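Data first, discussion second: the structure below is written as structure tokens.
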């Protein structure tokens, strides 16, 4: 069997507003660490760069929205145009993954596919390739593998995966049966999960056979699988996009965890320490950027006096602060965002309000 990759690249990244906008969401932004030669790559490009040692460009597929397809092609010139799949609208990860699986099966009926998000940061790329290879072997044995991230803190913004019995160990990685998928916990429960050592962050990274995930969708979620059947004969023809449009009008909006992973008997988890972040908000970005002597994460032009433990992100102008602590300051040409680090998640509420008042700013 040969491994392929399906990269999900349709998100809008509203929690990183105002730098991330609907016309240029975070997967197309240059965030996170630079390459060894000092180049800043977009998050989508970084996602592809990380897997190139084990998956060549012709085996990489990307699912994205209509408005982003051209940008995906510009950012990934080595990925064949026919590997860029357009979904008419965001309807959850289950239809998106099913659509990608059908295209991969059309390319290779025996394919194993790794599913990755386009807007996450993985600082230990070598380990990612290792654990994906272990996942490939699990998939070859019929398992649906998910990569569990060793929690570095009792985070309440992530779902968790509870491990069950140990199945085997390979290349320094253990593979366990999944006992349960757990929704985002409160802080007390999250602390217990971390202390017990048997729960992992759910990063939404999977490895399985493409035919197997389609069979699981058929079994557990026909509201996704049945409409997707309409597309099979049209893939690679001029009728493909119209077939997808028809299917999308009937397909259920549902996440792959709910549609399959919480229902299957064959889910396994492979824990790994990848220095992973979903960069879900500005506070999360601050946590992975280098800090100065006062604990500040600085991008762009900044001068500060008595400023500590803050993120300053300037897209042009000089930002000057006095007596600032634990704040987020994001300056763009048309919007200035200022909020406490503890309120980073509330940026989405501002975006929601702006959509009804000043849509041009989102």
Completion exercise
With bins of 10 Å, the percent of all Cα-Cα pairs of the range 281-323 per bin from 0 is 30, 59, 11
Fill in the blank from the handout: Here the range 257-362 gives, from Cα atoms, an Rg and Dmax in Å of 18.2, 57
Problem - Value of Rg/Rh across the range 1-60 [Cα atoms, Kirkwood radius] - result: 1.04
Fill in the blank from the handout: Out of 12, 342, 277, a Gaussian network model of the chain with alpha-carbon springs under 10 Å gives the largest mean-square fluctuation to 342
Exercise for the section: Give me the distance between the Cα centres of the range 309-362 and the range 127-194, rounded to whole Å. Expected result: 34 Å
Practice task
Would you look at the GNM of the chain, springs on alpha carbons closer than 10 Å, and say which of 77, 25, 227 moves the most?
Solution key: 77
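In which sequence would 61, 302 go, from the one with the fewest C-beta neighbours within 10 Å to the one with the most?
On the way: 61 23, 302 19.
Fewest-to-most Cβ neighbours within 10 Å comes out as 302, 61.
For the range 3-277, what is the Kirkwood hydrodynamic radius in Å, using each pair of distinct C-alpha atoms? If you can, show how the numbers build up before the last one.
On the way: mean 1/r = 0.0527 Å⁻¹.
19.0 Å is the Kirkwood radius here.
With runs of 4+ DSSP H residues as the only contributors, calculate the mean residue ellipticity of the chain at 222 nm using -39,500 (n - 2.57) per run, divided by the residue total and rounded to the nearest 500. Present the calculation step by step, with values, prior to reporting the outcome.
Values: 10 runs with 103 residues, N = 362.
Roughly -8500 deg cm²/dmol at 222 nm, from the helical runs in the chain.
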Completion exercise
Across 159, 23, 98, the residue with the highest GNM fluctuation in the chain (Cα network, 10 Å cutoff) is 23
Fill in the blank from the handout: One checks the Cα atoms of the range 154-266 and finds Rg and Dmax, in Å, of 17.9, 55
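Taken together, the values in this text are just the output of simple stated rules run on the coordinates, not laboratory data. Note that the structure is a prediction, hence the values are computed from the model and not measured. Don't worry about glycine lacking a Cβ; one is built from the backbone with ideal geometry, like all the others, and counts go over all protein chains shown.
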